[in-house]
Structures are given as structure tokens and as C-alpha cells.
Amino acid sequence: MLPSKELSLEQKFNLRSFETQVQQMSHEQAQEFLIKLYEQMLVRENMYKEFLKHQWGFEPNAHS
């Protein structure tokens with residue numbers, strides 16, 4: 001079963017709050033924020049990849 005693409009009520013609230021904060025940023029602040037956000041997305045992606053490798057047994061067994 002695929003995860004739902006719908007946001008929960010709490011997520012919708014958080015999104016609206018985030019939207020308000022972003023609208024109050026200067027252009028430079030928004031650019032810096034986007035760079036940091038993208039970096040965090042890349043780190044999360046790496047964490048997911050490592051987690052899946054471990055869960056699916058694709059990494060060498062360190063205990064051998």
C-alpha cells in the first residue's frame with residue numbers, strides 16, 4: 001500500500017505557519033534558508049539509504 005499523499009491537519013497547520021514565516025524573510029534570508037534546507041534533505045536521503053542498506057542486508061557483516 002502506498003503512503004497517503006494527503007497531509008494531516010497538523011501538517012497543514014505547520015505548512016501554513018511555515019508559509020507565514022517564509023513570507024516575512026528577506027530575499028537573502030530565503031536563499032540561505034533554501035540552501036540549508038537542501039543540505040538537510042541530502043543528509044536525510046543519505047540516512048535513508050544507509051538505513052535501507054542495513055535493513056535489506058546490503059552492507060557487509062562487520063561481525064564476521
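The values are calculated or read from the model by the stated rules, or taken from the named source; none is laboratory data. Note that this is a predicted model, so its numbers are computed, not measured. FYI the Cβ positions are ideal-geometry reconstructions off the backbone, even for glycines, and counts take in every protein chain you see. Protein only, heavy atoms only, side chains kept; ligands, DNA and RNA dropped before computing areas. Shrake-Rupley method; radii C 1.70, N 1.55, O 1.52, S 1.80 Å.
Does anyone have the angle between helix 27-56 and the longest principal axis of the chain? Alpha-carbon axes, 0 to 90°, nearest 10? Its long axis makes an angle of about 20 degrees. Placing dummy labels 7 Å off each Cα toward the beta-carbon, the span from ASN46 to GLN24 is 3.3 nm. In the chain, the longest principal axis of the Cα atoms and the axis of helix 9-23 are about 60 degrees apart.
Here, the chain is characterised by an Rg to Rh ratio of 1.18, where Rg is the alpha-carbon radius of gyration and Rh the Kirkwood radius. Rolling a 1.4 angstrom probe over the protein heavy atoms with all chains in place gives the chain an accessible area of 105 Å² per residue. Full-extension gain between SER17 and HIS54, please, as 0.36 nm times their residue separation minus the C-alpha to C-alpha distance. So the extension gain works out to 9.7 nm. Of the accessible area of the chain, computed with a 1.4 Å probe over protein heavy atoms only, carbon and sulfur atoms account for 60 percent.
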